[in-house]
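These notes concern the structure reproduced below.
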């Protein structure tokens, strides 16, 4: 089973592939006060919904970095119906390679929401952004955190994850501060946000499999999503958080 395809199906009805609700997301963007032609880069851009909205709302120039070509193809189709051609440069490549190619441009806003793993984690991502963002530019990071210490069973259910892979909410903010960034705002996903995200995620797979019983991955997808749903309800809802963090460089 292709994990990227599974994720694309699971997120097919999500505006954004993370549990921060749209109102919080767009309020955070408003704080940046983007101006026409300013440059915005999104690392791990997925379907590029946020960049497309920023072009539509502020007439910015966008750069999208995404490893999964299927997501970029969907983004291109979506963009062609909503914004003028040429406002987003789509890059399908490993994030570390692509970011190094983009460093000379210097951006007004750099975003990486739920994809810091592509650059080696939160601290590493913020270090990369030091070289991407103009002085007094903005950084918007979406990152998980532990609400409480994860149990060994939960870590095992996550595929053998390590507690050290995430920090606390306060430590996420402090990581940016220690690198010289100024924290301006943060929102976290509350229980309703998580439930909206997780139930839409699982029901999208359930409904796809119901509608496509002959898909070769039918059984594997159902097994995976049902195990994930049990994991979320038993441990994840009380243990895993997700925060959106706005810093000024």
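Derivation of every value follows stated rules applied to the coordinates shown; laboratory data play no part. Keep in mind the model is a prediction, meaning the values are calculated, not measured. Ideal geometry is used to build each Cβ from the backbone, glycine not excepted, and the neighbour counts take in all protein chains shown.
Below are the figures for this structure:
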| quantity | calculated |
| --- | --- |
| Test for residue 15: is it under 30 Å from residue 220 (Cβ atoms) and assigned to a strand (DSSP E or B) | no |
| Among the candidates 95, 64, 75, residue that is under 18 Å from residue 111 (Cβ atoms), touching a residue at least 24 places away in the same chain (Cβ under 8 Å), surrounded by 18 or more Cβ atoms within 10 Å (Cβ to Cβ) and out of contact with any strand residue (DSSP E or B) (no Cβ under 6 Å at 6 or more places or on another chain) | 75 |
| Filter pass, residue 200 being farther than 21 Å from residue 10 by Cβ and outside any loop (DSSP other than H, G, I, E, B) | no |
| Top-ranked residue of the range 171-191 - restricted to ones that are under 12 Å from residue 244 (Cα atoms) and in a helix (DSSP H, G or I), ranked as farthest from the chain's Cα centre (by Cα) | 173 |
| Condition met for residue 178 (exposed (fewer than 15 other Cβ atoms within 10 Å of the Cβ) and under 27 Å from residue 33 (Cα atoms)) | yes |
| Residues that are within 22 Å of residue 203 (Cα to Cα), free of Cβ contacts under 8 Å to residues at least 60 places away in the same chain and in contact with a strand residue (DSSP E or B) (Cβ under 9 Å, 6 or more places away or on another chain), drawn from the range 1-45 | none |
| Subset of the range 158-178 (residues that are more than 26 Å from residue 14 (Cβ to Cβ) and out of contact with any strand residue (DSSP E or B) (no Cβ under 9 Å at 6 or more places or on another chain)) | 160, 162, 164, 178 |
| Flag if residue 134 is touching a residue at least 12 places away in the same chain (Cβ under 8 Å) and assigned to a helix (DSSP H, G or I) | no |
| Which numbered condition residue 201 fails, given (1) over 29 Å from residue 94 (Cβ atoms); (2) in contact (Cβ under 8 Å) with a residue 40 or more places away in the chain; (3) surrounded by 13 or more Cβ atoms within 10 Å (Cβ to Cβ) | (1) |
| Residue within the range 213-229 that is under 21 Å from residue 116 (Cα atoms), surrounded by 15 or more Cβ atoms within 10 Å (Cβ to Cβ) and either in contact with a helix residue (DSSP H, G or I) (Cβ under 6 Å, 6 or more places away or on another chain) or in contact (Cβ under 8 Å) with a residue 60 or more places away in the chain (or both) present | no |
| Tally, over the range 103-118, of residues that are surrounded by 22 or more Cβ atoms within 10 Å (Cβ to Cβ) and over 13 Å from the mean Cα position of the chain (by Cα) | 2 |
| Matching entry among 159, 121, 142 (being farther than 26 Å from residue 50 by Cα and either out of contact with any helix residue (DSSP H, G or I) (no Cβ under 6 Å at 6 or more places or on another chain) or surrounded by fewer than 20 Cβ atoms within 10 Å (Cβ to Cβ) (or both)) | 159 |
